[in-house]
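First the structure, in the form of structure tokens, and then the observations on it.
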2 protein chains.
Amino acid sequence: MNAPMPLETSLPNWLVRAAENQPDHLAIQCGSTHWSFAELLHQTEQLAYQLATPGIGKGTRVALLAANDLPFVVVVHALMRLGAILVPLNVRLTQAELAWQLEDVQATFLCSDARYGETASQLARELPRLTFLSLISDAQQNVGIADQPLVPAIALSGSLNLNDIQSIMYTSGTTGHPKGVLITYGMLCWGAIGSALTLEHHADDCWLACLPLFHVGGLTILMRSVINGISVNLHEKAAPEGINRAIIEDGVTIISVVAVILQRMLDDLDKHEHGARYPATLRCVLLGGGPAPRPLLERCAARGIPVVQTYGLTESCAQAATLLPGDALRKLGSAGRPLFPVQLRIFDEHQQPVALGQPGVIHLQGPTITPGYDHRPEVTERAFHNGWFSTGDLGYLDEEGYLYVLDRRSDLIISGGENVYPAEIESVLLSHSEVQEAGVCGSDDARWGQVPIAFVRLRTGSTTGSDELLTYATRFLARYKVPQAIYIVPEIPRNSAGKLLRRELARLIPR
Amino acid sequence: MNAPMPLETSLPNWLVRAAENQPDHLAIQCGSTHWSFAELLHQTEQLAYQLATPGIGKGTRVALLAANDLPFVVVVHALMRLGAILVPLNVRLTQAELAWQLEDVQATFLCSDARYGETASQLARELPRLTFLSLISDAQQNVGIADQPLVPAIALSGSLNLNDIQSIMYTSGTTGHPKGVLITYGMLCWGAIGSALTLEHHADDCWLACLPLFHVGGLTILMRSVINGISVNLHEKAAPEGINRAIIEDGVTIISVVAVILQRMLDDLDKHEHGARYPATLRCVLLGGGPAPRPLLERCAARGIPVVQTYGLTESCAQAATLLPGDALRKLGSAGRPLFPVQLRIFDEHQQPVALGQPGVIHLQGPTITPGYDHRPEVTERAFHNGWFSTGDLGYLDEEGYLYVLDRRSDLIISGGENVYPAEIESVLLSHSEVQEAGVCGSDDARWGQVPIAFVRLRTGSTTGSDELLTYATRFLARYKVPQAIYIVPEIPRNSAGKLLRRELARLIPR
């Protein structure tokens, strides 16, 4: 009787709309280059025409191996105009790992910038399916493809469909074999909306991006910029000096960081001037990438830094839960409440809801959650239960429904039948004044099944010994949580997003 | 190969989510009553249980005849928890008009508050299909249904589906016969998002609602409150004194108005103190309901009132295009650019796009546009062309793509082959210092086909004659646009949303 409902939601292409609405508004600042939305759109369209020439179009899988720089950004938007699927590659992977991923995703094109050109051309020689496209940029920062004519003959898409796939992002691989997560336009859009409703939306917002753009935490900043019509301040590296300078000088209002970067930012800030503070323009320090160590949160609270803890993963298109600024002190250590479009439940191992306060596996549902993994129906099926996506992360909700993330389930140490959460032990070790970084993993043990083992990087020049640290830990931790050994090491293994790699830690245990 | 995409987007119920996230945050202030989101949720759930008892559930069509007061708000949210469809009735309609509409929409329940109880019970006696439910509220403002037990036996829905129908709103009927516009949850949600992205979203926003809640411009404020987690300041009447007091005393940040209300607000402000201004907390005066007279816009600009002109209609769930505050002076009189989810085109009578600057019919597309009219497939079909909804409004886009709304197509006067826009003539008359209100319509004419006729309400005590006004108009208008007659009348016919009723004007022409 009524008109049929449209099953697919179509929206104007976000960059096109941003450039129509605010052509002169700053879209992106990277080094000394400043591009307005109109300029970014122009660059995007030029590149899209070049990419179309060798046959990139709707559904083409295009891998991208490039630094956090303007060419990366232009490729992202150009592929969206062509309806092609972006496969961003982790620049830290080995040649063999990259080749495996390119084969796994069946990419037919590989774009790279000058920095990664040699690696990319070698990969293209190795994999005959792959066409190699070399990104170049001239002295005026114009981004193009080497040896490709600019033929504006095709019509670029001015809209996008929320059910379409925008990219395939391989999970950072802190556990298990990497798999390609399908990222839809809808996930990106609802994520940006949920974020804006939680963090507020101001027309003069400027979001600092120092996380890798090939991870979801970086890529989503580019999307929030064009959806919300706000500026991006892009950094190639998460160097604390450059970040602090941008916050103080460039009007940055929001920054996404992980704990280890935030720690280094504070250390750098301390160097310059005693008691230096960030300006009031910085209204949100979005802290993700794993449970935050309590000492860091307290250090920020003491300095009035507006830390907003967040929990998310590639499969939830970054931010899934966020602690509202007003709750930051009252709920220190919590990742807050789910974003507007997200539903969150804690289930036990039988997929039954647990009581408030009880730990279990965090499950998510909503339009920011991936429809599944690329060509891995069995893995997708295992990840979903009655429409709920199992994150594999352990956590609990307090009596007010605030999420506390404990650990990856795969990182959980079960010692003598007791659950031991590595993050809890790390937090205690990090509260010691001489400890710079800490990582804890489980080690097989004949008597207890598993026991916790800790690795610690000390502050420069420190002479603290592991015995002193063990004594310290014993003051704060139940007997079964105290590490069986604490090793002092020069470096703690992390992935390119700064996340601790606990699997790698286990390999460091002396046999 | 990939997992099937979900065809329907489900979200947590907005009020439930708001009450979970910010239980103590002010949800609504009405008179001396202040309800938090937790209190509003409690009221809603109590009423939902009562409504469920006589059988209101998924898909039930429930008409509501009530004043702009708390019972109206509670019914809206209670029906959403039951999945029932709200049919808000215009309280200004006659008994016969209401009966026609109740029959047309096939409502099975009619809720009314004490004020409209007599009308409603008469309608229920007249229409045997209809069950009458009388809304009561006690001294503590608790809202309930007379003689209905409170049985919390059923499970209330905690989520909603964006494709489902939330309400059926009869168009205000400035032209033609009323028809029921289907309003989906998706329209409301995307409308709130588009509005927040355009107007910014601040956690401490408070939106003043003085437009009738039975019109889309009022109802959407209730939705924006629960979606964005912000407060509503509800007024039963658009009385300028009460509105001005709320703006000055209650921290109102946004208000939705139509021109005639804004005019009265300024007049009232003038009475109190010479040069009185609104506080800086008022950051957005959203002005809709038809093309705004230029003199009013200039009067506001001179006082620093942040007027944001908007264009929308029931079928676009209110706001479709909005002039960004930064463009207000540069584009005076424009309705700005389409909201984030909306696409806008100007087509000629053959559904072909016209050039920039050329007038034509405004067409819209996107998730805020209705899927159609209730049980009127042929009307729905006529309104859509290749997925574009024809608004029936005339307008043009300037060289920067900014929308200028001219008039309803049905109000257009064609005189000697020339298009004459009533709003343009009204704007000139309103710029005369003695004119309070003006309305223009066409009258059949043997020589010119049609000629414009004007009606004017003068300021209290004014002795200006129509000859003087004619002379004045001649100074600003081309010969063919000058009204053939100007009648001075005590009242200009308007609908309950304050929109000018030009059809009614034509009836005032002396024969």
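The table for this structure:
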read-out	value
Residue satisfying condition, being more than 14 Å from chain A (Cβ to nearest Cβ) and buried (at least 22 other Cβ atoms within 10 Å of the Cβ), within set B:Leu199, B:Leu160, B:Leu208, B:Leu156	B:Leu208
Region B:376-398: number of residues that are surrounded by fewer than 18 Cβ atoms within 10 Å (Cβ to Cβ) and without any contact (Cβ under 8 Å) to a residue 12 or more places away in the chain	4
Within region A:399-433, tally of residues that are buried (at least 17 other Cβ atoms within 10 Å of the Cβ) and under 17 Å from A:Val456 (Cα atoms)	12
Test result for B:Ala497, in a strand (DSSP E or B) and outside the structural domain of B:Gly289 (by TED's automatic domain parsing)	no
Members of region A:454-468 found to be farther than 8 Å from A:Ile486 by Cβ and not in a loop (DSSP other than H, G, I, E, B), listed by number	A:Arg457, A:Leu458, A:Asp467, A:Glu468
Residues being surrounded by fewer than 15 Cβ atoms within 10 Å (Cβ to Cβ) and not in a helix (DSSP H, G or I) - total across region A:469-483	1
Single condition A:Ser167 does not satisfy, out of (1) within 14 Å of another protein chain (Cβ to nearest Cβ); (2) of a type in the set (S, T, N, Q); (3) more than 22 Å from the chain's Cα centre (by Cα)	(3)
Residue list for region B:220-232, restricted to those being in contact with a helix residue (DSSP H, G or I) (Cβ under 7 Å, 6 or more places away or on another chain) and more than 14 Å from every other protein chain (Cβ to nearest Cβ)	B:Thr220, B:Leu222, B:Ser231, B:Val232
Breaking point among (1) in contact (Cβ under 8 Å) with a residue 40 or more places away in the chain; (2) in contact with a helix residue (DSSP H, G or I) (Cβ under 7 Å, 6 or more places away or on another chain); (3) farther than 18 Å from A:Ile509 by Cβ, for A:Tyr480	(2)
Unmet requirement for B:Ile305, which otherwise passes all of (1) within 14 Å of chain A (Cβ to nearest Cβ); (2) buried (at least 19 other Cβ atoms within 10 Å of the Cβ)	(1)
Search result, residues across region B:444-456 that are in contact with a helix residue (DSSP H, G or I) (Cβ under 9 Å, 6 or more places away or on another chain) and modelled with pLDDT under 90	B:Trp448
Test: residue in region B:125-136 that is farther than 30 Å from B:Met187 by Cβ, crowded, with 17+ Cβ neighbours inside 10 Å and touching a strand residue (DSSP E or B) at 6+ places or on another chain (Cβ under 9 Å)	yes
Any hit, region B:11-33, residues being part of a helix (DSSP H, G or I), modelled with pLDDT of 95 or more, more than 8 Å from chain A (Cβ to nearest Cβ) and surrounded by fewer than 21 Cβ atoms within 10 Å (Cβ to Cβ)	no
Within region A:400-417, considering residues that are in a strand (DSSP E or B) and farther than 15 Å from A:Cys441 by Cα, the one farthest from the other protein chains (Cβ to nearest Cβ)	A:Val405
Strands (runs of 3 or more DSSP E) lying entirely in region A:283-390 (those with 2 or more residues that are among the β-branched types (Val, Ile, Thr))	A:307-313, A:360-365
Filtered residues of region B:367-398 (kept if hydroxyl-bearing (Ser, Thr, Tyr) and facing chain A (nearest Cβ under 10 Å))	B:Thr370, B:Tyr373, B:Thr380
Qualifying positions in region B:266-292 - under 18 Å from the mean Cα position of the chain (by Cα) and either closer than 16 Å to B:Gly498 by Cβ or charged (D, E, K, R) (or both)	B:Val285, B:Leu286, B:Leu287, B:Gly288, B:Gly289, B:Gly290, B:Pro291, B:Ala292
Any chance A:Leu182 is within 21 Å of A:Ala78 (Cα to Cα) and not acidic (Asp, Glu)	yes
Answer from A:Leu344, A:Leu332, A:Leu364, A:Leu339 - the residue that is more than 14 Å from chain B (Cβ to nearest Cβ) and either without any contact (Cβ under 8 Å) to a residue 40 or more places away in the chain or of a type outside the set (Val, Ile, Thr) (or both)	A:Leu332
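The values are calculated or read from the model by the stated rules, or taken from the named source; none is laboratory data. These figures come from a predicted structure and were not determined experimentally. All Cβ positions, even for glycine, are placed from backbone atoms using ideal geometry, and neighbour counts span all protein chains on display.
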